[in-house]
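> Submitted below is the structure of interest, expressed as structure tokens.
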Amino acid sequence: MKSAWFVWGSVGLGLLGVSVNTFPVQAEPAPVFAPILSEVRQRLPQGLQMRLPATLPDRPEPLYAFVRSSQQGLFAYLATEAGCNQPSCSVGGAAVFTEVGFASWERKLANATPIELPNGIQGHYLQQGRGEDADHYVIWQQDGSSYVIGTDNRTTSKQELMQIAASMVSEPAIR
């Protein structure tokens with residue numbers, strides 16, 4: 001599933017030479033998520049809280065959001081096609097995981113680079129694959145919830161992915 005902003009897969013930033021600016025809390029996710037906010041609230045597994053990015057990189061085409069949920073957690077995807085409602089046609093996404101759902105990501109942290117996100121949040125940057133075909137992720141835990149965002153290198157640069165994560169950790173949680 002290439003060209004996915006979040007892929008069902010499988011740093012002090014200073015160490016990476018990447019800087020992430022802190023973003024002011026905007027009290028709401030980026031406008032592209034407005035149509036799905038009520039669905040996010042309805043489908044959010046009990047005990048979890050979701051964070052969505054306040055900012056996204058500029059893209060030449062419009063993006064459309066859709067939601068999936070399971071015993072694993074809640075997944076907010078973005079697609080370039082209005083009718084897309086499957087992860088396979090998404091260009092990326094964000095997820096909050098249940099403890100069981102996060103277990104496979106937790107095992108992947110051994111291959112990830114530690115990063116510092118705003119508000120003192122410790123995260124991890126993970127790349128799987130090489131070149132443009134590589135998928136990359138930012139993974140972190142915040143306020144008792146486990147988050148993963150992801151895309152591929154063609155869709156979003158590493159710097160952009162870090163900025164998306166920074167905007168998420170600075171946003172208030174959706175409960």
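> Just name the residue that is nearest to residue 58 (Cα to Cα) out of those in segment 137-151 that are surrounded by fewer than 22 Cβ atoms within 10 Å (Cβ to Cβ) and at pLDDT below 95.
Selected residue: 143.
> Quick one: would you say residue 101 is surrounded by 16 or more Cβ atoms within 10 Å (Cβ to Cβ) and assigned to a strand (DSSP E or B)?
no
> Oh, and also: Inspect segment 125-133 for any residue being modelled with pLDDT of 95 or more and small (Gly, Ala, Ser) and give the result as yes or no.
Looking for residues that are modelled with pLDDT of 95 or more and small (Gly, Ala, Ser), one finds none in segment 125-133, hence no.
> Among the hydrophobic types (A, V, I, L, M, F, W, C), outside any helix (DSSP H, G or I), more than 21 Å from residue 157 (Cα to Cα) and in contact with a Gly (Cβ under 9 Å, 6 or more places away or on another chain): does that describe residue 96?
For residue 96, the condition - among the hydrophobic types (A, V, I, L, M, F, W, C), outside any helix (DSSP H, G or I), more than 21 Å from residue 157 (Cα to Cα) and in contact with a Gly (Cβ under 9 Å, 6 or more places away or on another chain) - is met.
> Separate question: Whether any residue in segment 117-127 is touching a Leu at 6+ places or on another chain (Cβ under 6 Å) and either of a type in the set (Val, Ile, Thr) or surrounded by 13 or more Cβ atoms within 10 Å (Cβ to Cβ) (or both) is what I want to check.
Within segment 117-127, one or more residues are touching a Leu at 6+ places or on another chain (Cβ under 6 Å) and either of a type in the set (Val, Ile, Thr) or surrounded by 13 or more Cβ atoms within 10 Å (Cβ to Cβ) (or both).
> Determine which single condition residue 42 fails, assuming it passes every other condition in (1) modelled with pLDDT of 95 or more; (2) exposed (fewer than 13 other Cβ atoms within 10 Å of the Cβ); (3) within 26 Å of residue 153 (Cβ to Cβ); (4) of a type outside the set (Gly, Ala, Ser).
(3)
The values are calculated or read from the model by the stated rules, or taken from the named source; none is laboratory data. Only a predicted model underlies this, so the values are computations on that prediction, with no experimental measurement involved. Here Cβ is always computed from backbone atoms with ideal geometry, including for glycine, and neighbour counts include all displayed protein chains.
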